[in-house]
Amino acid sequence: MAPKIVVLISGSGSNLQAIMDGISQGEIDGQIVAVISNRADAYGLQRAELAGISAHSLDHKQYPDRDSFDQALLKLIDRHQPDLLLLAGFMRILTADFVRHYQGRMMNIHPSLLPLYKGLNTHQRAIEAGDAEHGCTVHFVTEELDGGPLIIQARTPIHPGDDAGTLQQRVHQLEHRIYPVAVSWFCSHRLRLTDKSVWLDGELLPSCGFQLQD
């Protein structure tokens, strides 16, 4: 049976769509069994419903604190018994207990060349720093925010006329390329995390992860 995947979102779900497309095209040997959002109006939930995937909203504002929300979220996720948990624009900081529960089987995609620019507003920060290039990173999730071991990165030049919006558009296109790749590696048992080291096809990846080349 193909590995089961649960995807957490907060917005439009464009990376969710890229992974759904990879599955439908036979590039990913996995099945998305549920999509969960902390926002009931997230368009990604409609994407899931149209594809016949179980879609859930769990409003974090209905819980008194982060711990209680994360425990409710964990119980909802575990009902689907996933082999892999994906963060795809899920705009919540997760508690340490939650992260440890999914250690080694939870990934995130972040819009910067980590370890540069953890957190928000990455495109504007890269421009203001005068960087020559920018990009995105898929990494395993650990208790350190945007600090888990890197799996794969993709890069794009920063052009003189770029603003945060134009740069974001190009980075989004790269995100839609590399997230399905990382998911495919995991689902085909080529990728694993051991002792904070990432292995691909039995070889240790460098600390910067696999570098996608055009």
Quiz prompt | Rg(Cα)/(2.2 N^0.38 Å) for the stretch 1-102, N = residue count | solution = 1.03
Quiz item: Modelled label-to-label distance, residue 21 and residue 143, 7 Å Cα→beta-carbon offset: nm?
Solution: 3.8 nm
Exercise. Rank the residues 41, 97 as a footprinting-exposure proxy: fewest other Cβ atoms within 10 Å of their Cβ go first.
Key: 41, 97
Quiz item: Considering only 169, 181, 151, whose Cα is most displaced toward the positive end of the charge dipole of the stretch 110-214, charges sitting on Cβ of Lys, Arg (+1) and Asp, Glu (-1)?
Solution: 181
Quiz item: Where the centroid of each part is defined by its Cα atoms, how far is the stretch 94-109 from the stretch 1-54 in Å?
Solution: 18 Å
Exercise. Mind giving me the FRET efficiency for residue 213 and residue 173? R0 is 22 Å, r the Cβ-Cβ distance, nearest 0.05 is fine.
Key: 0.90
Self-check item: Reachable lysines from residue 4, criterion Cα separation under 26 angstrom, eight or more residues apart if same chain
Solution: 75, 196
Quiz prompt | Shape call, the chain: gyration tensor on alpha carbons, a/c limit 1.5 | solution = rounded
Quiz prompt | Estimated [θ] at 222 nm from DSSP helical runs (n ≥ 4, -39500 (n - 2.57)) normalised by residues in the chain, nearest 500 | solution = -10000 deg cm²/dmol
Self-check item: Within the stretch 87-134: Cβ-based charge dipole about Cα centre, in debye rounded to nearest 20 (Lys, Arg +1; Asp, Glu -1)
Solution: 280 debye
Quiz prompt | Dipole moment magnitude, nearest 20 debye, the chain about Cα centre, only Lys, Arg, Asp, Glu C-beta charged | solution = 340 debye
Quiz prompt | For 186, 210, order by how many other beta-carbon atoms lie within 10 Å, fewest first | solution = 210, 186
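Read the figures in this text as sums done on the coordinates, not as results from a lab. Predicted, not measured: the structure shown is a model, and the values here were computed from it. Neighbour counts are summed over all protein chains in view; Cβ atoms, including those assigned to glycine, are modelled from backbone coordinates with ideal geometry.
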